[in-house]
Amino acid sequence: MGCLMYQHPGSYMKEGMRTSVEAILLVQEHNHPHILLLQIGNTFCKLPGGRLKPGENEIEGLKRKLSSKLAANSASHQPNWQVGECVAVWWRPNFETVMYPYCPPHITKPKECKKLFLVHLSEREYFAVPKNLKLLAVPLFELYDNVQRYGPVISTIPQQLSRFQFNMVNA
């Protein structure tokens, strides 16, 4: 079994640790909170967001990534991204795919730091999704403890959000 390289060692030597930001977009469906995920093909799901440019501000970078991935190509339907709290920080200690919710103490030069931010949506939002992706609303109960389907980062979102009180609004 080979090692899956996530970041090329040469780019790490040039740019240093990769910093990425992802959005937890909460929506309400059937009086229950759901998370919006982007699905690639029929299997892999990810949170919207991505890699920051070297030196880029996290909040502005997340807004840029959200706009590039989800914003409609219309001036009248531009989302006003309200980036809230950072609810989780994950670390990639080496060039493999494994990430941890802490930086192992023996790692002095981690390869990536990924931060998950809660992003508040207005009551109505318009999204334009690239052709190769699907936008899914996945209920929190489906994510919980479902590492096989969603991976370790996404499957722990329900625990990360458990400290918040959600008020469901009937429109």
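Within the stretch 85-94, not a single residue is under 22 Å from Glu29 (Cα atoms) and polar (S, T, N, Q).
The residues of the stretch 35-66 include none that are of a type in the set (S, T, N, Q) and buried (at least 17 other Cβ atoms within 10 Å of the Cβ). Of all residues in the stretch 108-152, those that are in a loop (DSSP other than H, G, I, E, B) and surrounded by 14 or more Cβ atoms within 10 Å (Cβ to Cβ) total 8.
Selection of the stretch 111-131 for residues being closer than 20 Å to Glu58 by Cα and more than 19 Å from the chain's Cα centre (by Cα) yields an empty set. Within the stretch 116-129, residues that are polar (S, T, N, Q) reach partners that are open to solvent by 40 Å² or more (accessible area, probe 1.4 Å) with beta carbons closer than 7 Å, at six or more positions or on different chains, in the pairs Ser122/Asn80. Criterion applied to Glu125, Glu96, Glu142, Glu112 was being touching a Cys at 6+ places or on another chain (Cβ under 7 Å) and not aromatic (Phe, Trp, Tyr), and the one residue passing it is Glu96.
The values are calculated or read from the model by the stated rules, or taken from the named source; none is laboratory data. Note that the coordinates shown come from a computational prediction; the quantities given were computed from them, not determined experimentally. Quick reminder, even Gly has a Cβ in these numbers, built from the backbone with ideal geometry, and neighbours come from all protein chains shown. Note: areas computed on protein heavy atoms with side chains; ligands, DNA, RNA excluded. Shrake-Rupley method; radii C 1.70, N 1.55, O 1.52, S 1.80 Å.
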